[in-house]
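Following: one structure in structure tokens, then a few remarks.
The values are calculated or read from the model by the stated rules, or taken from the named source; none is laboratory data. What you are looking at is a predicted structure, and each value in this text was computed from that prediction instead of being measured. With ideal geometry, Cβ positions are generated from the backbone for all residues, glycine too; neighbour counts draw on all protein chains shown. For the accessible areas, the whole protein counts, side chains as well, though only heavy atoms, and no ligand, DNA or RNA atoms are used. Shrake-Rupley method; radii C 1.70, N 1.55, O 1.52, S 1.80 Å.
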Amino acid sequence: MSDPQLVLAARVQAAIVDAFGVEFAHTDPVIRPSQFADLQANAALPLAKRLRERPRDVADEIVKRLDVEGVCSSVEVSGPGFINLTLADEWIARQATPLLADGARAGVPLTDRPEIIPVDYSAPNVAKEMHVGHLRTTVVGDAFCRAAEFRGHKVIRQNHIGDWGTPFGMLIEHLLDIGEEEAAAELQSDPNRFYQAARAKFDASDKGENDSDFAKRARKRVVLLQSGDEATLTIWRRMVDMSKVYFNRIYAELDVTLSDADLAGESRYNNMLGAVCDDLYEQGIAVVDDGALCVFLDGFTGREGKPVPLIIRKSDGGYGYATTDLAALRHRAQDLHADRVVYVIGAPQGLHLRMVFETVRKAGWLGRTEPFHAAIGNVLGTDGKILRTRSGAPIRLAQLLAEAVERAAKVIEDRGYDAETRAEIAQAVGIGAVKYADLSVARDSEYVFDFDRMIALTGNTGPYLQYASARIRSIFRLAGSSPEAVVSTPITITHPAERALVLHLLGFGAAIDAMVEDVAPHKLASYLYGVADALTGFYENCPVVKGPDGPVPEEVRTPRLAICALALNTLVTGLGLLGITVPERM
Ligand code: ARG
């Protein structure tokens, strides 16, 4: 255990038990960062209430029994009863040394309580463009999966793509009209064009604006599809495959971990929908209302207190989005044995998900499974409105990413790299910038998509953190050394700036835990930004290779290189958990 918060929490807890008895064994020691020391323990205040004593006396009592020999250099009671704790430099250094030897894991252990966690994220729709909303759920979901797996949880990626429903009648007919080859070309590069052409044809035909029978054919096709007509299913499968090519291209560009094996689209649940409805009806949870089968739940009311229904079977017998989600959650709870199910989905779908969760709970299908909506906020344009092109059309994701890479190419300095290296750096920096901008904001708040800000080399940006890592590597080159060469060097602390950096590096595991706990990548992002910040202070005060008075002597240089190596591991591993690659040079 190297996390100072955990270490001190355990020690303070032991002192509390020692002072006041075992009945206080579960008292929260309330360890917080402190302005006056490294950390403070605030447990004396709530304890004093329980004990009907003065908080200061309680604090004194705890301090008297507190064993922090070798851990803290000073312990002081201040104010009404705060216990200020300052860690000893040697203790900090001693904790850090094994982290360095641990390599890429940087001392972060595997959890001793692994959970099974299906993660529903990305979920684009067949024959439609992925938009920035999908960008965000994809990037946040993927980062969460990486971090949860790193901690040893069993993650099951569930890409709940929209691959079923009434529009598929018109989409299949349109595909047949224009031919497979043409359809494939469009679906793989510009799916919206395909979708909109189908939609326009359907609407015109439906309104009788032309004499085509397109609308009629489309409706017939839906019936064929739903009744399992083999020929229709074959064309449908072909269409889904064409879209997969498009999704996979974006995923490769974004460097996310989703593959075809993770596809669990809406159609997967088709054969469960009937049973879901029957069971809910038999349990009396679903009732027929105006011909449709609906679930009404307490506390879900709309305008004028009218109950909002969750429609699970339409009056024409068709199932919809909600029924599929009920079946999916039941499957995840009962067949995948999930401990938690994480839904990384736009905040506007919050009501839908709450109703789905509540229905499944009420039906008794949930067991010990905890569903969780990791709500995603909107991405806005610089005008503060939902991000769109100048002409008002939704932004095409492929184009957006290409532009990011193009702009990144202009930002990186020309250090005489060959064309291939330049392209690799631009790719890592451009995509890293977009992903970091997304991940560094609390996932449920909105943010403004602003290329200039996200690609800047200064401030809380991806490129800044990538640069911080590249700079460490260049220090090693300058020193004629390598991170591997110093792995077993003991870390020492000789300056407050070193101390601040190393102490911050001890908090890596806690930052990852906070991210996994709340599906909050921004907590890891802001931690890593703190590493880069502490590095700046370190460089200013602690020359590694060459100082103002000439070359730094070997006995100072090597332990400083060890600190650099630990910082590098932490940055590279941490950015990797956010799905961001770090170029060797920048
Ligand atoms: N395909 C949907 C969309 O594009 C998102 C699906 C989210 N997942 C779910 N289980 N409902 O909006």
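Some observations on this one:
- Pair list, Cβ under 7 Å, 6 or more apart: the stretch 80-96 residue among the β-branched types (Val, Ile, Thr), other residue assigned to a strand (DSSP E or B): Ile83/Gln40; Ile83/Ala41; Ile83/Val75; Ile83/Val77; Thr86/Cys72; Thr86/Ser73; Thr86/Ser74
- Flag for Val434 being in a helix (DSSP H, G or I), within 22 Å of Glu129 (Cβ to Cβ) and open to solvent by less than 10 Å² (accessible area, probe 1.4 Å): yes
- Scanning the stretch 213-223 for residues that are open to solvent by less than 70 Å² (accessible area, probe 1.4 Å) and in contact with a Gly (Cβ under 8 Å, 6 or more places away or on another chain) turns up Ala218, Arg221, Val222.
- Scanning the stretch 196-244 for residues that are of a type in the set (Ser, Thr, Tyr), closer than 23 Å to Leu263 by Cβ and modelled with pLDDT under 95 yields no hits at all.
- If only residues of the stretch 353-412 that are of a type in the set (A, V, I, L, M, F, W, C) and open to solvent by 60 Å² or more (accessible area, probe 1.4 Å) are counted, the one that is nearest to the chain's Cα centre (by Cα) is Phe372.
- Whenever a residue of the stretch 245-272 is free of Cβ contacts under 8 Å to residues at least 60 places away in the same chain, it has no partner that is more than 14 Å from the ligand (Cβ to nearest atom) and open to solvent by less than 20 Å² (accessible area, probe 1.4 Å) lying with C-beta atoms less than 6 angstrom away and at least six residues away or across chains.
- Criterion violated by Ala500 - all others in (1) under 30 Å from Ile376 (Cα atoms); (2) in contact with a helix residue (DSSP H, G or I) (Cβ under 7 Å, 6 or more places away or on another chain); (3) in a helix (DSSP H, G or I) satisfied: (1)
- All conditions in (1) modelled with pLDDT of 95 or more; (2) within 16 Å of the ligand (Cβ to nearest atom); (3) open to solvent by 30 Å² or more (accessible area, probe 1.4 Å); (4) assigned to a helix (DSSP H, G or I) hold for Asn192, with the sole exception of (1).
- Residue count for the stretch 51-65, restricted to those that are open to solvent by less than 60 Å² (accessible area, probe 1.4 Å) and more than 16 Å from Gly21 (Cβ to Cβ): 3
- Taken over the stretch 290-339, residues that are open to solvent by 80 Å² or more (accessible area, probe 1.4 Å) and of a type in the set (S, T, N, Q) amount to 3.
- Residue within the stretch 154-165 that is within 12 Å of the ligand (Cβ to nearest atom), under 19 Å from Arg443 (Cα atoms) and open to solvent by 10 Å² or more (accessible area, probe 1.4 Å) present: no
- Scanning the stretch 39-67 for residues that are in contact with a Pro (Cβ under 7 Å, 6 or more places away or on another chain) and not in a helix (DSSP H, G or I) gives Leu39, Ala41, Ala43.
Residues checked against (1) part of a helix (DSSP H, G or I); (2) among the hydroxyl-bearing types (Ser, Thr, Tyr):
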residue: Ile512; (1), (2): yes, no
residue: Met515; (1), (2): yes, no
residue: Tyr527; (1), (2): yes, yes
residue: Val531; (1), (2): yes, no
residue: Ala534; (1), (2): yes, no
residue: Phe538; (1), (2): yes, no
residue: Val544; (1), (2): no, no
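To keep it simple, each residue is scored yes or no on (1) open to solvent by less than 40 Å² (accessible area, probe 1.4 Å); (2) aromatic (Phe, Trp, Tyr); (3) farther than 28 Å from Asp414 by Cα; (4) modelled with pLDDT of 95 or more.
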site: Pro490; (1), (2), (3), (4): no, no, yes, yes
site: Ala511; (1), (2), (3), (4): yes, no, yes, yes
site: Tyr529; (1), (2), (3), (4): no, yes, no, yes
site: Asn541; (1), (2), (3), (4): no, no, yes, yes
site: Asp549; (1), (2), (3), (4): no, no, yes, no
site: Thr558; (1), (2), (3), (4): yes, no, yes, yes
site: Thr573; (1), (2), (3), (4): yes, no, no, yes
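- Tally, over the stretch 82-131, of residues that are more than 24 Å from the chain's Cα centre (by Cα), among the hydrophobic types (A, V, I, L, M, F, W, C) and open to solvent by less than 50 Å² (accessible area, probe 1.4 Å): 11
- Yes/no for Ala185 being surrounded by fewer than 22 Cβ atoms within 10 Å (Cβ to Cβ) and assigned to a helix (DSSP H, G or I): yes
- The stretch 120-135: number of residues that are of a type in the set (D, E, K, R) and within 8 Å of the ligand (Cβ to nearest atom): 2
- Per-region count, the stretch 340-352, residues open to solvent by less than 10 Å² (accessible area, probe 1.4 Å) and either of a type in the set (Ser, Thr, Tyr) or free of Cβ contacts under 8 Å to residues at least 24 places away in the same chain (or both): 1
- Pick from the stretch 244-253, criterion open to solvent by 20 Å² or more (accessible area, probe 1.4 Å) and among the aliphatic types (A, V, I, L, M), ranking: nearest to the ligand (Cβ to nearest atom): Val245
- Only one entry in Glu484, Glu446 is free of Cβ contacts under 8 Å to residues at least 40 places away in the same chain, more than 16 Å from Ile580 (Cβ to Cβ), open to solvent by 40 Å² or more (accessible area, probe 1.4 Å) and of a type in the set (D, E, K, R), namely Glu484.
- Qualifying residue in the stretch 136-148 (condition: within 16 Å of the ligand (Cβ to nearest atom), open to solvent by 30 Å² or more (accessible area, probe 1.4 Å), in contact with a strand residue (DSSP E or B) (Cβ under 8 Å, 6 or more places away or on another chain) and of a type in the set (Lys, Arg)): no
- Residue match in the stretch 265-287 (condition: open to solvent by less than 50 Å² (accessible area, probe 1.4 Å), modelled with pLDDT of 95 or more, of a type in the set (D, E, K, R) and in contact with an Asp or Glu (Cβ under 7 Å, 6 or more places away or on another chain)): yes
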